[in-house]
Amino acid sequence: MKQNNFFLNLLKYFVYADLHVATAAAAMTLITHRLFFGEYFHGSYHLFAFGATLFIYQLSRLLPMLIRGHVHFTRRQKWIKQNPWFVAAINMLALVLMGDGLFHLSTLQLWVLAPAAILSSIYALPIKLSRSYTFRMREVPGFKSFLIAAVWVVACVAVPLVNQPQALFSIGVLHGAGLFVFVLLLAIIVDLHDVRFDKRIGTGTLPILLGTQGTRALVVMLVIIYACLVAAAHHVVFYPVGLVKAVAIAQGITALLAVVMVLRPQFLNRNDLTFLPMVDGVMVLQLLLAVALEKFLL
C-alpha cells in the first residue's frame, strides 16, 4: 500500500506540474531537429521548448486561480495550492531554461514565438472589453484545440526553422501541417475526456459542439489527413531514406494509437493521472520509435 501511495504521489507531481506536456514538446522538437539538421540534439532549443511549455502551462493554471481567489474546480488546482514550494521550484526551473534559450534565439525567432506565447498565457483569462461585456477566448466554440495545435507548430517547427526559409517553406510546411493535425487530434481526445468539466466552466470545445460520435468521426478523419501529410512530406524529403521510413512508421503507429484511444470508452473514462500521460506520451513514443527504427533502417 505504501509503495502504491508513493507512485501515486510521484505521478501527481509529474502530471499536475505539467512535466508530461513539457517532455512531449521537447520530443517533437527533437524530431524536427533530426529531420532538418541531421541530429537530435541540435543546440539547446529542446531545453528551451521544455522550459517554455512548462512555464506557459503552469501560468495558465495559476492565473485563473489568482483571479478567482479561493475557488478551485479541479484536483490539480487543489494540489497546486497544497504544494506551493514544488510549484515555485518547477517554475523557476522553467524560467532558467527559458532564459538560457532566449539568449540563443534570433530576433526573428522571438517575433515568431511572441504571439503564440501571449495567446497561450491569456487564453483562460477574462478580457473586459466594456462595462457590460467580458470576452473569454475559452468560450469561442472549438477555438481551444486549434490554438493548442497552432502554438505547438510555432514552437516545435516554425521557430527552429524560421532562419532557414528554404526548408521552412518547402518540406517544413508539410511537416508543420502534419504536426498541427496530430496535436489537434490529441487535443480533441483530451477535450472528449474533459467534456463534463468544460461544460461546467463554459469552455466551448469541439466534443461539446459535435457530440461523442461526431468527435470520434472527426478524429478518424484527422488521422487520414495526417497519414496523407506524412506520405507527402516523406515523398519529397532530402534526408536519408532510412530516417524517412523510421519517422514515417513512428508517426503511423502513434496515429493508430490515437484512433484506438478515442474508440475505447473505458480509456476515455480514466482519471487524469493515467489518461493525460498516456495521451501526451504518444508524442514521446513517436520520438522513441523513430530513434529505435532508425538504427535498423539506416
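The values are calculated or read from the model by the stated rules, or taken from the named source; none is laboratory data. The shown structure was predicted, so the numbers you read here are calculated from the model rather than taken from an experiment. Cβ placement follows ideal geometry from the backbone for every residue including glycine, while neighbour counts extend to all protein chains displayed.
Suppose we keep only residues that are among the small types (Gly, Ala, Ser) and without any contact (Cβ under 8 Å) to a residue 12 or more places away in the chain within region 197-228. Which one would you say is nearest to residue 257 (Cα to Cα)?
Initially, region 197-228 is screened for residues among the small types (Gly, Ala, Ser), giving 202, 204, 211, 214, 217, 227.
Of the ones still in play, those that are also without any contact (Cβ under 8 Å) to a residue 12 or more places away in the chain are 211, 214, 217.
Values: 211: 21, 214: 19, 217: 15 Å.
Of everything passing the filter in region 197-228, 217 is nearest to residue 257 (Cα to Cα).
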Problem set entry | Output for region 254-273, where each listed residue is in contact (Cβ under 8 Å) with a residue 40 or more places away in the chain and of a type in the set (Val, Ile, Thr) | 254, 259, 262
Seminar exercise, completed: Per the filter on region 162-212, residues touching an Asp or Glu at 6+ places or on another chain (Cβ under 7 Å) and under 24 Å from residue 284 (Cα atoms) are 191
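Does residue 24 satisfy the criteria of being under 12 Å from residue 155 (Cβ atoms), among the hydrophobic types (A, V, I, L, M, F, W, C) and free of Cβ contacts under 8 Å to residues at least 60 places away in the same chain?
Working: under 12 Å from residue 155 (Cβ atoms): yes; among the hydrophobic types (A, V, I, L, M, F, W, C): yes; free of Cβ contacts under 8 Å to residues at least 60 places away in the same chain: no.
No, not satisfied.
Would you check if there is a residue in region 84-93 being in contact (Cβ under 8 Å) with a residue 12 or more places away in the chain, closer than 24 Å to residue 118 by Cβ and out of contact with any helix residue (DSSP H, G or I) (no Cβ under 6 Å at 6 or more places or on another chain)?
The answer is yes; a qualifying residue exists.
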Problem set entry | Whichever residue in region 27-70 is of a type in the set (S, T, N, Q) and touching a residue at least 60 places away in the same chain (Cβ under 8 Å) and, among such residues, is surrounded by the fewest Cβ atoms within 10 Å (Cβ to Cβ) | 44
Exercise. Out of (1) at pLDDT 85 or above; (2) small (Gly, Ala, Ser); (3) surrounded by 18 or more Cβ atoms within 10 Å (Cβ to Cβ), the odd one out for residue 114 is which?
Worked result: (3)
Exercise. Residue check, residue 251 against (1) touching a residue at least 12 places away in the same chain (Cβ under 8 Å); (2) more than 19 Å from the chain's Cα centre (by Cα); (3) surrounded by 17 or more Cβ atoms within 10 Å (Cβ to Cβ), all met but one. Which one?
Worked result: (2)
Problem set entry | Residues located in region 202-222, provided they are more than 15 Å from residue 264 (Cβ to Cβ), of a type in the set (Val, Ile, Thr) and either touching a Pro at 6+ places or on another chain (Cβ under 9 Å) or in a helix (DSSP H, G or I) (or both) | 205, 208
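Can you confirm whether region 260-275 contains a residue that is of a type in the set (S, T, N, Q), under 15 Å from residue 220 (Cα atoms) and assigned to a helix (DSSP H, G or I)? Reasoning before the result, please.
Taking region 260-275 and keeping what is of a type in the set (S, T, N, Q), we get 266, 269, 271, 274.
Applying the additional criterion that residues be under 15 Å from residue 220 (Cα atoms) yields none.
So far as region 260-275 goes, no, none of its residues is of a type in the set (S, T, N, Q), under 15 Å from residue 220 (Cα atoms) and assigned to a helix (DSSP H, G or I).
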